[in-house]
Structures are given as structure tokens and as C-alpha cells.
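No lab work stands behind these numbers, since they all come straight from the coordinates. Just so you know, these numbers come straight off a predicted model, no measurement behind them. Here the Cβ is made from the backbone with ideal geometry for all residues, glycine too, and neighbour counts use every protein chain on show.
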Amino acid sequence: MPEIQDKMEKLISLCKRRGYIFQSSEIYGGINSCYDYGPLGTELKRNLKNFWWKAMTRERDDIEGLDSSILMHPRIWEASGHVKNFTDPLIDCKKCKSRFKATDITEKKCPKCGGELTESRLFNLMFKTFMGPVEDSANIIYLRPETAQGIYVNFLNVQNSARRKIPFGIAQIGKAFRNEITPGNFTYRTREFEQMEMQYFVKPGTDMDVFNKWKEIRLNWHKSIGIKKENLRFHEHGPNELAHYAKCAFDIEYQFPFGWCEIEGIHNRTDFDLKAHMEFSGKKLSYFDEESKERFTPYIIETSVGCDRTLLVLLVDSYDEEGERVVLRLAPKLAPVKIAVFPLINKPELIETAQKLYADLRVDYNSFYDQSGAIGRRYRRQDEIGTPFCITVDNDTMAGETITIRERDSMKQDRIEISKVREYISKFF
Ligand code: GAP
């Protein structure tokens, strides 16, 4: 247990110290379960989203993109079942006022103070607010708890405008909000987070085949971002775990220091959502198949992964210590800083050449320039944030237009011509 806490504490401290992740509203004492991404975290998140987007849209010819609004018609959440079913059973302590998920409580007394507990009651996880100036029940509106519904209600808009035939998918990245009872484990469970979701529309009867294909595609994607395969596994939902919309569901789980936990859900949502929206909106969302001359309501296979959770996985999985050296072994294509450029010593001609190289590289690769301190310390600082390459300009550079390039994981150094730097690094990104 201390070891587990140790690793998470070290990581959280690194995140703050080096500008990956900060507690939100820190100068006001912080706000529970909300986080801000600093310069490095922002860059890493952007790289992660771009990587997902490329894999899910650009590299395929059957998926379109969408960016739907966070605030939507409140009837959408009645149709989707979230108003009725998106609840957790909640128990309060009458004495210390702590709140617990009923499923986490095994004894009759409060685990914190031993006080008396209330009966369990259902608590809806959606955040509510009001649309317009009048705060009455007619104006209640919800912050979306998943991005998926924005895709379902736009199914026909996308299908018609993009002239798509089934099967095809719609992908979206965006914020979601859940008033979680027990947020925690740093950014693992928060009340505001980003999802990267894809909904694949298929002919009923083909759904389980497509579902099984997506399971494998998604597991492979996690491996492709550098996550160690021994830390990934599937977990099949039993009948008591299935969400109200799902016929079959598998989670992809990651082995965090605090245990195996879900990072992505792959769901066979059947025609539940489209049928519900047809019923509640009175609009037809079925599909006419020109070839078979059949009309049907498509089934939906969903892949839904948390962006913040995956980012946490990347940090946990890549964190390593080698004696005094702390290294984030992030895959180069995701690392926030790709290249650091250093003049070995404070000599004007070395500085000038290093700055020129830095100015040239940073246009295409997020780069960092540093001329202060011992070279060993400069390398360590880059290892700690996961920079895959450090380039050093030294006296030999002046003699022969060459630099040394050091690779983070092996610490191996190659001497190459300045004109070959781009060619050398391009194969890693
Ligand atoms: N549209 C389906 C859906 O939302 P989910 O299993 O509830 O399914 C999908 O959520 C993913 O969203 C999760 O696997 C997780 O990565 C992320 N997620 C859900 N709740 C979260 C929270 N409170 N904090 C951070 N990420 C969360």
C-alpha cells in the first residue's frame, strides 16, 4: 500500500512541479475533483486527441466527425433514460454528513466516524442548470453526461449530408459532466472530463460481429500509444453491471497502482437510443437500405474512452525510476516536448548555432531551448518530462557542422550532421 501511494504521490508532484496538471482554483484552496492542464499537460492532451482522431477518422474511410453542443434539449435526456436511470444509490452519515455510494458500504455504521447512516436513496448524476433568466422547472437543462447523445440525434443529418451508407460511424471528442459521489484517484474520476466517443451504425444481425472487431481494434489502439500490454485487459459486464442501454459490454481495463480499473467501454447499444429518440421526438430515424429495399433502425456499436483517464494511464505507465534518474518513457509521437536543444557551454557561437537550430525545429516539432546549468542536469530535466531527444551543440559542431543527439530511453548519443537532424528524427514521429 505505501508503495502504491508513493508512486501516485510522486507522479502527482511531478505533474504539478513540471506543469502537466494543477489542482483547479488552487489559490482559493482548490475545488474537489477538478483539474487544470498546464503547458505540458495541454500539449500531451492535444497529441492524444489528435492521435485518436487520426486513428478513428483519417485512417478509415467509414467514419465522419461531429462536434455537437454540450447543452441540448432536455427531452433528449428523458429519451436516453438518463433522467430516470443515470443514478447511484447514495447513503449519508447523519453525524459527520459524509456521503457514500451505497455499494461501497459494507457495515451499518459510517466508515469515517461510526455515526448512524441514512437509508439508501437514488441520486441522479447529471448536473442541472437553467436556460435563460428564469430559474423554474420549465427551464431546467442538463450538462451532458456523455457525448454520445449528440451523435444519435444528428444521425440523419450526418448520414444525409455525408451521403453515407450503413455501416458507418460518427466520432466526437468533447466534455462531459457527472456529479460523481466519489470522485478520486487524481484525474481518474472527476466531475468534468473529456470523452472520445465513436458510434458505429450497423444493420441488426451484423452487430455482434462488428462489436467483436471493434473490441480488438480498440485494444490495439491502446497498445499503439505505448501502453504495456500486460497492464491492459478486457472485463465483460455481467447482467448486473450492464448499463440500461446495453445488450453486451466490455471494458478495457488498465492496471493502475490502485488496481485494475476501466478506461474504455465498448457497448452494443442495439437500437435502444435511436428508437427512444424516434418515440420522444416523433421524427423518423430509421434507414432505408437501397440494395435490400429494407427499412430498419440501425444498431449501434459504441467505443467510448476517457481522454483524461487515458492521459493518466500514459503518465502512470511511462513513469520510471533508474536510481536518481526519473524518466517518463512516453511514446515520441505523444510526448509534449519532442526535442530539447542545448549549447554545451556559454559561448556566443555555440549559442547562436543552437538557437538557429531550435528556431528551425520548433516550427514542426514542439521544442525547448536551454542554455543554463550543467549538461547532466539539463538532460535529467528533459527525461523527467519525457522529451525523447536532446541535441547538444558543442565545440566539435563549430569544427564540422555536427551535433550530438541523445535518445531518452537508451541515453545513447549519436553524432550527426546538422543538415541530417530532421531526417534522423522524422522516423520517430
Ligand atoms: N457513452 C457511453 C459512456 O459514457 P461510460 O462507461 O459511462 O460510457 C465511458 O464512460 C468512458 O468515459 C469511461 O471508460 C471513462 O474513460 C470515461 N469516464 C466516465 N466517467 C468518468 C469520470 N467521472 N471521470 C473521468 N472519466 C470518466
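Between the C-alpha center of region 381-415 and that of region 48-98 there is a gap of 44 Å. At full extension, SER137 and ARG121 could sit 3.6 nm farther apart than now, given 0.36 nm per residue minus the alpha carbon distance. Distance from a point 7 Å along Cα→Cβ of LYS165 to each backbone N in region 192-220: keep the residues under 14 Å and list them by number. The answer is 203, whose backbone nitrogens lie closer than 14 Å to the label point. Left without a cysteine partner by the 4.7 Å Cβ rule in the chain: CYS15, CYS34, CYS248, CYS261, CYS307, CYS390.
Phi angles across region 249-264 convert, under the Karplus curve 6.51 cos²θ - 1.76 cosθ + 1.60 with θ = phi - 60°, into 3J(HN,Hα) values of 8, 10, 9, 9, 10, 10, 8, 6, x, 9, x, 6, 9, 5, 10, 8 Hz, Gly and Pro given as x. Near ILE263, the amide H atoms lying under 5 Å from its own belong to ILE252, GLU253, TYR254; only residues 5 or more places off or on other chains count, and H is placed 1.01 Å from N. Sequence-ordered 3J(HN,Hα) estimates for region 296-302 from the Karplus curve with 6.51, -1.76 and 1.60 and θ = phi - 60° stand at 8, 8, x, 8, 10, 9, 10 Hz, glycine and proline given as x.
Hey, can you rank 188-195, 289-296 by average C-beta count inside 10 Å, highest first? Don't jump to the answer; show the numbers that get you there.
Numbers: 188-195: 20.0, 289-296: 9.8.
Most protected by this proxy first, the peptides run 188-195, 289-296.
Distance between the modelled labels on TYR424 and LYS203, one decimal in nanometres: 5.5 nm (7 Å Cα→Cβ projection).
Structure shown: which of LYS54/LYS229; LYS228/LYS420; LYS45/LYS101; LYS45/LYS215 lie over 25 Å apart, alpha-carbon to alpha-carbon?
Working: LYS54/LYS229 22 Å; LYS228/LYS420 32 Å; LYS45/LYS101 30 Å; LYS45/LYS215 23 Å.
Flagged as over cut-off: LYS228/LYS420; LYS45/LYS101.
Backbone geometry of region 355-362 corresponds, through the Karplus equation with coefficients 6.51, -1.76 and 1.60 at θ = phi - 60°, to 3J(HN,Hα) couplings of 5, 5, 5, 4, 4, 6, 6, 5 Hz, x marking Gly and Pro.
Computed over the chain with a Gaussian network model linking Cα atoms closer than 10 Å, the most mobile of ALA243, ALA171, ALA340 is ALA243. Computing Rg and the Kirkwood Rh from the Cα coordinates of region 50-163 gives a ratio, Rg/Rh, of 1.15.
R0 = 56 Å: FRET efficiency of LEU242 with MET398, Cβ-based, nearest 0.05?
After rounding, the FRET efficiency stands at 0.25.
With charges only on Cβ, +1 for K and R and -1 for D and E, what is the dipole size of the chain about its Cα centre, in debye, rounded to 20?
Values: 65 positive and 64 negative charges, 84 e Å.
Rounded to the nearest 20 debye, it is 400 debye.
Calculated mean residue ellipticity, 222 nm, the chain: -9000 deg cm²/dmol, from DSSP H runs (n ≥ 4) at -39500 (n - 2.57) each, averaged per residue and rounded to 500.
Would you work out the relative contact order for region 1-143, in percent, from Cα pairs under 8 angstrom that are 6 or more residues apart? It would help to have the intermediate numbers written out before the result.
On the way: 146 pairs, mean separation 21.4, N = 143.
Dividing the mean separation by the residue count of region 1-143 yields 15 percent.
So how tilted is helix 39-53 from the main axis of the chain? Cα-based, degrees 0 to 90, rounded to 10. That helix lies at roughly 60 degrees to the long axis. Once backbone amide H atoms are built at 1.01 Å from N, TYR35 has SER24 as its partners under 5 Å, excluding neighbours fewer than 5 places away on the same chain. Take each peptide in 133-141, 119-127, 310-318, 210-218, count the other Cβ atoms within 10 Å of every residue, and average; sorted highest first, the result is 310-318, 210-218, 119-127, 133-141. Which angle between 0 and 90 degrees, to the nearest 10, do you get for helix 375-385 versus the longest principal axis of the chain when only C-alpha atoms count? That works out to roughly 10 degrees.
Of interest is the spacing of the C-alpha centroids, which for region 134-195 and region 17-46 amounts to 23 Å. Computed over the chain, the range of Cα coordinates on each principal axis works out to 77, 66, 47 Å, biggest value leading.
Bridgeable lysines around LYS94 (alpha carbons under 17 Å apart, same-chain partners fewer than 8 residues away excluded): LYS108, LYS109, LYS112. Packing order of peptides 263-271, 15-23, highest average first: 263-271, 15-23 (average count of other Cβ atoms within 10 Å over each peptide's residues).
Structural descriptor for the chain: relative contact order 13 percent, calculated from alpha carbon pairs under 8 angstrom and at least 6 residues apart. Once the Cα atoms are used to define both axes, helix 2-18 deviates from the longest principal axis of the chain by about 70 degrees. Projected label points at ARG17 and LYS356, each 7 Å from Cα along the beta carbon direction, are separated by 3.7 nanometres. Around the amide H of TYR369, modelled in the peptide plane, lie the amide H atoms of VAL341, all under 5 Å away and 5 or more residues distant in sequence or on another chain.
How high is the relative contact order of region 330-429, in percent, with contacts defined as C-alpha pairs under 8 Å that are six or more residues apart? Mind dumping the intermediate values first?
Values: 158 pairs, mean separation 29.5, N = 100.
Relative CO of region 330-429 lands at 30 percent.
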